[in-house]
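Novice: Mind looking over this structure? Questions follow.
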Amino acid sequence: MANVIGQRVRRREDPRFLTGAGLYVDDVQLPGAKRVTFVRSDWAHARILGIDTSAVAEIPGTRVFTAADVDLPTNPLPPFLGIDARMQRPFLASDTVRFVGDIVAIVVTDGRELGVDAAELVQVEYDSLPVVTNLRDAARDEVLLFPDVGTNVCMRHAPESPDEHLFDDCEVVTSGTSVSQRIAACPIEPRSSAAVVGDDARLTVWLSTQTPHQDRDGLAGILGLDPGRVRVIAPDVGGGFGGKGLSAEDVLLAWVARALGEPVRWTETRSENLVAMHQGRAQEIDFELGGDRNGQIKALRLKILQDGGAYPGLGAFLARLTAMMASGVYAIPKIEISIEAMVTNTTPTGPVRGAGRPEATQMLERAVDMFAADLSMDPAEVRRRNFIAPDAFPYTTAAGTLYDSGNYVGALDRALETAGYEQLRQAQAERRAQGGTLHLGIGLSVYVEVTNGISEAEFGAVEITQDGAAIVKTGSFSQGQGHETTFAQIVAQRLGLELEQVSVIKGDTDVVLRGSGTYGSKSTQIGGAAAAQASEAVVEQAKRLVAEELEANPEDMVLDLGAGRFHVAGAPSPSLTWGELAQRLDEQGRLTELSAEVDFAPSSPTFPFGAHVAVVEVDSETGSVNLQRVIAVDDAGHIINPLVAEGQVHGGLAAGIAQALHEELTYDEDGNPMNSNLVTYGIPGAGELPFFERVEMVTPTPINPLGAKGIGESGTIGVTPAVHNAVIDAVSHLGVRQLDMPANGQTVWRAIQEAAERSQ
Ligand code: MCN
């Protein structure tokens, strides 16, 4: 089987998912397992005066734990995040709660329903404290979440030498604020975990996660155990979207299993998920973009404000990825960035599909549109005048980021041609001339993002079985991305095996030696590359072993990929297939020689890119937005499986459109979450999305042997500003210059009214 890479192979995991045969954590059989229910604060900020658990203790077989019972440290954060350690999260709140959802007690019962009832019997006496949920208010340090620290700022980064004259050579300086509103990852399968201590005193934990090995090490560290004493198993996962990894709840569950010596499990409800799982974006950027009257951009200054939520973690750090991508696809000579991350009385923030990079693109692509409007230039033309040229790679931006490869003008050209940009502008002009209340808007976004952003390594192993098939063990994990298919393609191609002969194993720390897991769209370029190199190493070993068997020179040995046979170059007979070789080696007790392990460590991240065009119709009487077309060019280098990659882009586009038009998590002034179910959180369905028009483009990367970049988040990153720009473009002739996302309904209607009032 040669050339399986690049084929539209159907995902082999789908029959399992589509027929309900997937195995998720909540499906794992654990006889006698008790249910854990977390008692959560319904106050956003309050002192705990007392917790009365006596009513629960009276229910037979029920146990309850509060902070006083649990001997765990605060949740340690990796030092590279640069976050004030005094703001680390206690696993259970002891004296103060800081967001609605903070955990105050753990109830352990025989069943789920009893758990809900018992949790309600826990009486917590609170003394309310002032609440701050808004970044700008938090920055004033009037309401402090950690009074001992004396500020709400949890991470700060200032330019080394601020340049007062940054815009001196600019004729036009466009300024504004880009708000990337708070959104939810919202996986279909909510978080779920189960834990049991075995007879050998080892702890086994089933997690719905993206990072089994990191979770094992994290959990062992917190519990003070050797990692060898902990096994993490991640079965099928019904979506993660950046939101899944070792959570406070998982740690507490493991603690309870050890404390009771009994199996325990927890699966959160949708409402619990929407208040307690970390949330994404929650960032505001004040920008100034300067240039000359010919549309040449000369300088950019950003002040990034990031909401870390009540206990800062990765969410606060993600502002650094925004800074990393600040130059976007443009050659901007001078960039100055400051970052302040803040704590607020809201759910902690963290990565959600795109994680730090959408915020950069949303800001820059709005800023460029506003700059174009200030110059009365076509937004496509301004972009063209500022692109990093295709022959300029590798290219280091003024933000200090080294891009591997790209062709931004090529992406825009393809997108505009497919969209019929000139005709669309003409149709828009005609529509405006006619008057009426339905307005046509065309929005552009040209983006570059970073995948494997902190340049991590990944583990991959390949072994040949007795019957000549292959097993791939990967440290990457798949929470829906289809690795069982695409990683098998990578290996089958190199071994000359049928796809069906290659199976992929992931997610069990006792079976896969090492791994970093899946986030930052890094799996293919590092996990896939490791599997590729391990396959090549196995082929080299096989050549040596076949040469021994056939009494030939190993250097003359070749693998006929089409037939899956080894023979001497130019002499097809005698030959050995993988199966024949494996059988002979097995008889000699040497089968393990047909295996290899690789840790692939790339020199740097990769930088996928693309161009998106959105066409909308806006009703100025209601503000409602009808998204008519999305044209998407997404270049992730060589594609392993175009069908899977297309699915990834589709999902990404849906998520990005959702942020532009539908989704937002908000809090009232007391810090109550306003969207804790799917009635009030506007996740769109397929019926609210148009058919996507995809255009393929391939610009390989030199960073890994596959020439592949990541594609899991591209759609999300590119499309949001295209749709946002399209909505504003539709009503720009009515005097609207800026409006926040989700740009739909009331927000649009108000912006139109305000513009009308201004013009009177
Ligand atoms: N692929 C390909 N050719 C490429 C790049 C990728 O054929 N050049 C294929 C891959 O082999 C893989 C899929 O596309 O099957 C995605 O690969 P990649 O871009 O490497 O991303 P990851 O596998 O690391 O996935 C992570 C990414 C992230 S960060 C989020 S968030 C996200 C996403 O993927 N969450 C998802 N896609 C998701 N899709 C589903 N169904 N569920 C989620 O939770």
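Novice: Please compute the length gained on full extension between MET377 and ARG270, using 0.36 nm multiplied by the number of residues separating them and subtracting their Cα-Cα distance. Present the calculation step by step, with values, prior to reporting the outcome.
Specialist: Numbers: separation 107, 0.36 × 107 = 38.52 nm, distance 4.68 nm.
Result: 33.8 nm gained on full extension.
Novice: What value in Å³ per residue do you get for the convex hull of the alpha-carbon atoms in the chain? Intermediate values should be presented prior to the final figure.
Specialist: On the way: hull volume 130.4 nm³, N = 760.
Considering the Cα atoms of the chain, their hull volume per residue is 172 Å³.
Novice: Among the listed pairs LYS244/LYS506; LYS244/LYS709; LYS543/LYS709; LYS473/LYS709, which are separated by more than 28 Å between their Cα atoms?
Specialist: On the way: LYS244/LYS506 16 Å; LYS244/LYS709 22 Å; LYS543/LYS709 31 Å; LYS473/LYS709 21 Å.
Over 28 Å apart, Cα to Cα: LYS543/LYS709.
Novice: So if I take the alpha carbon set of region 485-642, get Rg, then get Rh from the Kirkwood formula, what is the Rg over Rh ratio? Display every interim value, and only then the final one.
Specialist: Working: Rg = 22.8 Å, Rh = 19.1 Å.
Using Cα coordinates only, the ratio equals 1.19.
Novice: Then there's this: Among residues other than ARG47 whose Cβ falls under 13 Å from its Cβ, what is the net charge (Lys/Arg +1, Asp/Glu -1)?
Specialist: On the way: positive: ARG98; negative: ASP95, ASP102, GLU125, ASP127.
Around ARG47, the surrounding residues sum to -3.
Novice: Where does each of PHE566, PHE317 land when they are ordered by accessible area, with a 1.4 Å probe and the largest first? Don't skip to the end; give the middle numbers.
Specialist: Working: PHE566 0, PHE317 25 Å².
Of PHE566, PHE317, the descending order of accessible area is PHE317, PHE566.
Novice: In addition: Leaving out ligands and nucleic acids, note down the accessible area per residue over the chain with a 1.4 angstrom probe, in whole Å².
Specialist: Details: 28430 Å² over 760 residues.
Counting only protein heavy atoms, the per-residue value for the chain is 37 Å².
Novice: Quote the relative contact order of region 215-299 in percent (integer), defining contacts as alpha-carbon pairs under 8 Å separated by 6+ residues.
Specialist: Details: 38 pairs, mean separation 15.3, N = 85.
The normalised contact order for region 215-299 reaches 18 percent.
Novice: Return the tail of the calculated pair distribution for region 669-713, meaning the percent of Cα-Cα pairs more than 18 Å apart.
Specialist: Numbers: 628 of 990 pairs.
Tail of the P(r) past 18 Å holds 63 percent of the pairs.
Novice: Sort 138-146, 367-375 by packing, meaning the average of other beta carbons within 10 Å per residue, with the highest value first. Let's see the in-between values first.
Specialist: Numbers: 138-146: 17.0, 367-375: 21.3.
Per-residue mean Cβ counts within 10 Å order the peptides as 367-375, 138-146.
Novice: Straight-line reach only, C-alpha to C-alpha below 21 angstrom: list the lysines that LYS334 could link to, leaving out same-chain residues fewer than 8 apart.
Specialist: LYS298, LYS303
Novice: Express the relative contact order of region 563-717 as a whole percentage, based on alpha carbon pairs under 8 Å and six or more residues apart in sequence.
Specialist: Working: 206 pairs, mean separation 43.8, N = 155.
Computed value for region 563-717: 28 percent relative contact order.
Novice: Once the dipole of the chain is set up with Lys and Arg at +1 and Asp and Glu at -1 on Cβ about the Cα centre, which of ALA461, PRO379, GLN434 lies farthest towards its positive end?
Specialist: Farthest towards the positive pole: GLN434.
Novice: Could I ask something else about it? What's the local net charge at GLY239, with K and R +1, D and E -1, over the other residues with C-beta under 12 Å away? If you can, show how the numbers build up before the last one.
Specialist: Values: positive: ARG191, LYS244, ARG353; negative: GLU189, ASP236.
Around GLY239, the charge tally is +1.
Novice: Dipole size in debye (nearest 20) for the chain around its Cα centre, Lys and Arg Cβ +1, Asp and Glu Cβ -1? Could you put the intermediate results ahead of the total?
Specialist: Details: 60 positive and 102 negative charges, 111 e Å.
Dipole magnitude for the chain comes out near 540 debye.
Novice: So, one more: What does the charge count around GLY32 come to, taking other residues whose C-beta lies under 12 Å from its C-beta (Lys +1, Arg +1, Asp -1, Glu -1)?
Specialist: Numbers: positive: LYS34, ARG35, ARG265; negative: ASP110, GLU262.
Cβ neighbours under 12 Å give a net charge of +1.
Novice: Given contacts defined as C-alpha pairs under 8 Å and at least six residues apart, what's the relative contact order of the chain, whole-number percent?
Specialist: Working: 1882 pairs, mean separation 118.6, N = 760.
16 percent.
Novice: In the chain, carbon and sulfur make up what percent of the accessible area (probe 1.4 Å)?
Specialist: Carbon and sulfur atoms account for 49 percent of the accessible area of the chain.
Novice: Once the piece of chain linking ALA392 and SER503 is laid out straight, how much longer is it, given 0.36 nm per residue of separation minus the C-alpha distance between them?
Specialist: Details: separation 111, 0.36 × 111 = 39.96 nm, distance 4.10 nm.
Value of the extension gain: 35.9 nm.
Novice: Any idea which of PRO702, MET674, GLY712 is furthest toward the positive side of the dipole for region 630-760, if Lys and Arg beta-carbons carry +1 and Asp and Glu beta-carbons -1?
Specialist: Going by the Cα projections, it comes out as PRO702.
Novice: Right, here's the next one. Within 10 Å of each candidate Cβ there may be at most 16 other Cβ atoms; applying that plus a DSSP loop requirement, which chymotrypsin sites (Phe, Trp or Tyr not before Pro) in region 630-711 survive?
Specialist: Values: sites: TYR667, TYR681, PHE691, PHE692; in loops: TYR681, PHE691.
Answer by residue number: PHE691.
The values are calculated or read from the model by the stated rules, or taken from the named source; none is laboratory data. Owing to the predicted nature of the structure, the values given are computational and were not obtained by experimental measurement. Positions of Cβ are backbone-derived with ideal geometry, glycine not excepted, and every protein chain shown enters the neighbour counts. SASA here: full protein model, heavy atoms, side chains in, ligands and nucleic acids out. Shrake-Rupley method; radii C 1.70, N 1.55, O 1.52, S 1.80 Å.
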